[in-house]
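FYI, it's all coordinate maths here, none of it is from the lab. Just so it is clear, the structure is predicted and the values come from calculations on it, not from any experiment.
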Amino acid sequence: MQPRPRPGGRRRSAHPDHSRCHPACANISRTDSQITALRTEVARIDADADAGLNPYPIAAREQQRKAHLTAIIRRHDAQQPIATEDEERR
């Protein structure tokens, strides 16, 4: 038996739609590879700022984005488990 179509003809997905996640949601989690990508983005923003080729409005917006990404990275790093001596010996 197939599920009934939802109003509008769209069927419900068997998995969550991550494209609609809000960055401020308490349920969001990021993998180390996603944080690595954010660090790469911050480095790109820094390189663009050092080049000085962006007009002020774009440069200011990029700095706002950098501050946001840096906050995400700091939160991720702060939540990393601290290795105990037993785990380090393994």
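Maximal additional length on extending the Ala37-Ala71 stretch stands at 10.8 nm, based on 0.36 nm per residue less the C-alpha distance. The phi torsions of segment 28-40, fed into the Karplus equation with coefficients 6.51, -1.76 and 1.60 and a -60° offset, translate into couplings of 6, 9, 10, 7, 4, 5, 5, 5, 4, 5, 5, 4, 5 Hz, rounded to whole numbers, with Gly and Pro shown as x.
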